[in-house]
Amino acid sequence: MSAQTPETGGAGAKPPAENNSEDGAMRRTQLGRERQNAARSGGPALEAMYQFLLWLIPTLEKFPRSQKFQLGDRLQNESLAVLDRLIEATYTRERQSLLRAANLGLEKLRFGLRLAKDLRHLDLKRYEHAARAVDDVGRLVGGWVKADRSTAAGTAGAANAAPA
């Protein structure tokens, strides 16, 4: 003789209405986990930007004095601003505008780095390294935008599909 548990319909089984509310709670918990995973997906972009800054700041110190405090400071400030936006995007649900701003900052960096190369403040090897690093961060941010959109679409779809 097997003992019946609440799950198999025994004496402690919950009425169907309560089971539906449990399903809703499970669905909300799952959506919460998906949001957390989407936020964590910013980790690679954040880490790549941080590593780029670790390389960039000492590199800018080698700029000629005439440009160290103009072009060098602009590159450093824009890089730090991108890092700030990525940190903010990691800790908010409304991250699309922050990610767009980070992408715009990356584009500004691309042009600034190109200018530094053309003015011969960066040799070709350093420019290639910087361009690849900024491109990698851009790809990671783009992936984050795409993942966040699909998560938001899944959340909206799940909310619309909830039983009435």
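Within the stretch 83-136, the set of residues being within 16 Å of A48 (Cβ to Cβ) and touching an Asp or Glu at 6+ places or on another chain (Cβ under 6 Å) comprises G105, L109.
Please tell me if A81 is modelled with pLDDT under 95 and part of a helix (DSSP H, G or I). In short, no. Of all the residues in the stretch 60-87, those that are surrounded by fewer than 17 Cβ atoms within 10 Å (Cβ to Cβ), under 17 Å from the mean Cα position of the chain (by Cα) and charged (D, E, K, R) number 1.
For the stretch 93-100, does any single residue satisfy the condition of being hydroxyl-bearing (S, T, Y), closer than 13 Å to V145 by Cβ and assigned to a helix (DSSP H, G or I)? For the stretch 93-100, residues hydroxyl-bearing (S, T, Y), closer than 13 Å to V145 by Cβ and assigned to a helix (DSSP H, G or I): present.
The values are calculated or read from the model by the stated rules, or taken from the named source; none is laboratory data. Please read these numbers as outputs of a predicted model, since none were measured by experiment. Neighbour counts run over all protein chains shown; Cβ positions are idealised from the backbone, glycine included.
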